[in-house]
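Participant: Next up is a structure, given as C-alpha cells.
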Amino acid sequence: MGFLKSKIKRMVLGLSLVASMLFSAVPALAAEEVASENVTNETEAVASESPSVDLATVMADIALEPRAGNETWTGSGFGGSYTFTNYNLTPVKTMGTSGTLLIYGSFYGNDGYATSSPIVLTAQIRKTDGTVKAETVRVDNRSGNVSFAMSCSVSKGEQIQLFFDASSVSNPPGIYRSAFVTYNYDLY
C-alpha cells in the first residue's frame, strides 16, 4: 500500500506541476473546456479498478515532505558550489550545535572580463535579519581560484545565511560581475 501511495503522490505532484506550467504559459488554454467524450472504455476500466484515494490526504503528505533549501549544519560538510552574477544569498542554515562556524572555500571570476578586470568577492555570514556576524573581502588575482575563510560563534538553533557579492576592482565593466564560488563548513 505504501508503494502505491508513493506512486500516486508522485503522479499527483507531476500532474499539478504540468498543469501549473500549462496554465501559466498558455492562459488561453485554461479558459477552454476539455471534452470528456473521447474517454475510451479501456481507460474507464483501469480507472474503475484503481483503489480509492483521498486526494486531501495525499496533498497534505506531499506538503509535509522536506524540500531542498533550508538545512541543519553539524560537524563538517560541503556547503555549495555555483556561479552567480552580482550577489547571492543562500537559503537559511540552522546550526545543529553551539560552537565556532568556519566557512572556507575558493572563487574565481567567471565572465569575459576576469583577465582584464579582477573581481572583488565579499563574503559574509549573516543572521536572518541581515546582521553581519563575519565578513571577508578577497581580490581575484587573475590566476584562478582564490581562497577565502571566515568564522564566528554560533548557538544551537541559530539561523544564518551566507552572502556573496562579486564586484569590479576597476571599470569597465562596472559593478555587475559573475563569479564561481565553492565552499565548505566546519562547526566545532
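Rule-based calculations on the coordinates, nothing more; no lab input. The structure presented is a predicted model; accordingly, all values stated were derived computationally and were not measured. So basically every Cβ, Gly included, is an ideal-geometry build from the backbone, and we count neighbours across all protein chains shown.
Participant: Students often check this: by mean Cβ neighbours within 10 Å, which of 119-125, 181-187, 141-147, 85-91 ranks highest, and how do the rest follow?
Facilitator: Ranked by mean Cβ neighbours within 10 Å, highest first: 119-125, 181-187, 85-91, 141-147.
Participant: For Asn141 and Ser116, calculate 0.36 nm times their separation in residues minus their Cα-Cα distance, and state this gained length in nm to one decimal.
Facilitator: 7.9 nm
Participant: Quick check: residue separation of Thr100 and Ser155 times 0.36 nm, minus the Cα distance between them. What number comes out in nm?
Facilitator: Extra length available between Thr100 and Ser155 comes to 18.9 nm.
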